[in-house]
1. Output the residue which, of all residues in region 125-146 that are out of contact with any Phe, Trp or Tyr (no Cβ under 9 Å at 6 or more places or on another chain) and surrounded by 13 or more Cβ atoms within 10 Å (Cβ to Cβ), is modelled with the lowest pLDDT.
2. Which members of region 81-133 meet the condition of being closer than 15 Å to Ala68 by Cβ and either in contact (Cβ under 8 Å) with a residue 12 or more places away in the chain or not in a helix (DSSP H, G or I) (or both)?
3. (1) in contact (Cβ under 8 Å) with a residue 60 or more places away in the chain; (2) surrounded by fewer than 20 Cβ atoms within 10 Å (Cβ to Cβ); (3) within 11 Å of Ile63 (Cβ to Cβ); (4) not hydrophobic (A, V, I, L, M, F, W, C): which one isn't true of Gly23, the others all being true?
Amino acid sequence: MGLLGAMNIVGTLASGWCCDRFGGKAPLVFSYALRGAALILLLYVESAPAFYVFAVIFGLNWISTVPATTALTARIFGPASVGTLSGWILFAHQVGAALGAAAGGWIFEATGSYTWAFVSAALLAFLATSLSLAIQDEPVERRPATRPAPLRAGAVGA
């Protein structure tokens, strides 16, 4: 866990650096693809050295999606919306994490193995990769809010 956590720091900082230079979409796509590949690799881990390799790869992308998601949110919806939208994104993430943890337990209880839990997590990471590729990395056009013109003194209805 220490190695995974240390690599998480490296991966998150590297993701932020890449986002500042190249935008958020490419790092987000890369992170999800690497996550899916790491979870598939975990199915073949049978020794401590192989587990360390997994810890490095998975650690690099564990939280690396956060800077990319935040960068994309700011670019697409504007900096004034980042706080509220990030709150909703993190809320949805926590709901998904809770359901994913429960599903992993249910899968283990039903099959006696975590294999299908890791396979389904990898498939979801690959789905996230393809959905990230579909993101239109362009600012949303904002239309000014229309408000009724103020009534003038002496106008009809005033």
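1. Asp137
2. In the first step, residues of region 81-133 are kept if they are closer than 15 Å to Ala68 by Cβ; the result is 82, 85-86, 89-90, 93, 125, 128-129, 131-133.
Correct list: Val82, Leu85, Ser86, Ile89, Ala125, Ala128, Thr129, Ser132, Leu133.
3. It is condition (3) that Gly23 fails.
The values are calculated or read from the model by the stated rules, or taken from the named source; none is laboratory data. Since this is a predicted model, take the numbers as computed values, not measurements. Glycine also receives a Cβ, built like all others from the backbone with ideal geometry; neighbour counts cover every protein chain displayed.
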